[in-house]
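Structure first, then comments.
The values are calculated or read from the model by the stated rules, or taken from the named source; none is laboratory data. Please read all numbers here as calculations on a predicted model, not as lab measurements. FYI the Cβ positions are ideal-geometry reconstructions off the backbone, even for glycines, and counts take in every protein chain you see.
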Amino acid sequence: MDYGSIINNAFRVAWQQKSLWVFGLFASGGAIGALQLSIDEDWEADLGAFGKSDIDFGQIFEAMPWLAPALVLVVLALIVTHILLGALCQPALIDAVNRLTRGGQYRFSHSLSVGVDLMWRTLGVMVLEALTGFGAFILLLVVGILLGILFAAIHGLLVIPVVMAGLVAAFGIVFAVVMIFGLGYRALTVRRTGVLDAINEGAVLFRRHTLSCLAIFAIFIVFWIMLVIIITIIALVVGMPLYLLAQSLDIGFVPALLAALPIIWAVMLPLNGFLGTALDAAFTLFYFQLLEPQQAVAAPYGTQPGPAIR
């Protein structure tokens, strides 16, 4: 399997079809959603490291007791909206990549319609993915605590291999859940399967091609590390002038940051959309390669290697 060509074609598609960035901004396909979340968190953390707000939020909440529950409701509404948009954009982006790379006719409106049609089934896969991951980690935590207590009673140093084994098991859980459900999203969209059938196909492909899945997962991790470093550098470049401006004008870091939000969003929204599209497209091309290894997924963008899978 030519992983380099898969990644190269995915980034080429993402760059040439910028309308896909709208889908890529919200698509939540396993590792991709985690990547975007990590980028956002690192950006905010690095900017926050330059200074603290001199605003007394305690006094504000005391003066307006309704503000705290209102903020909670707003945050919950934003979370629900983001989840629903992810459930819509995930199948829309997979359908678009399917058509663009496998000889179909791509139209933004058509892929959006596919996303609307498959949104609730995709949401079902997302719920099962969250429950599976959460349940697996709870089970791992309980077993780890019990084994830690048991081995600690024998000798304190025996806790170390228990912790190491726990970390390896945690990585295995993340790897399996991301790959199985990530492949399941593609099966649901491309084959129009049901929720359980999609997850079952993802599990079968994962079991048959575990090493290939591990390779593409490792590539995603390397990209994640590289991109976090790049985003951190960008955050420092933008955050340092903001901090210096706040210090010189004595206006506080938060007001200076709020004033710069339009510039930050102008950079981060297209970047997140592009990266989300490219990496999600790479996952989709990887899925096609698992199904049809003889097909040249590495064919130059714009060629027609075969009919679009329906």
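Provide a single number: the residues in region 237-272 that are aliphatic (A, V, I, L, M) and either within 30 Å of Y3 (Cβ to Cβ) or at pLDDT 75 or above (or both).
5
Would you check which residues across region 203-219 are surrounded by 19 or more Cβ atoms within 10 Å (Cβ to Cβ) and more than 16 Å from V174 (Cβ to Cβ) and list them?
Listed by number, the residues that qualify are L205, H209.
From the residues in region 92-123 that are among the charged types (D, E, K, R) and in a loop (DSSP other than H, G, I, E, B), which one is modelled with the lowest pLDDT?
By that ranking, first place goes to R102.
Search region 144-162 for residues being surrounded by 14 or more Cβ atoms within 10 Å (Cβ to Cβ) and of a type in the set (A, V, I, L, M), and hand back the single one that is modelled with the lowest pLDDT.
L158
Scan region 162-182 and tell me whether some residue there is of a type in the set (G, A, S), farther than 21 Å from L214 by Cα and more than 19 Å from the chain's Cα centre (by Cα).
The answer is no; no qualifying residue exists.
Just for helices (runs of 4 or more DSSP H) wholly inside region 1-73: which have at least 3 residues that are over 16 Å from F220 (Cα atoms), among the aliphatic types (A, V, I, L, M) and modelled with pLDDT of 65 or more?
Counting at least 3 such residues, we get 20-26.
Pairs needed: first member in region 266-295, on the phi > 0 side of the Ramachandran plot; second member anywhere, part of a loop (DSSP other than H, G, I, E, B); C-beta distance under 7 Å; at least 6 residues apart or different chains.
As it stands, the answer is none, since no pair meets every condition given.
Please go through region 167-198 and pick out each residue that is part of a helix (DSSP H, G or I), without any contact (Cβ under 8 Å) to a residue 40 or more places away in the chain and surrounded by fewer than 18 Cβ atoms within 10 Å (Cβ to Cβ).
L167, V168, A169, A170, F171, G172, L196, D197
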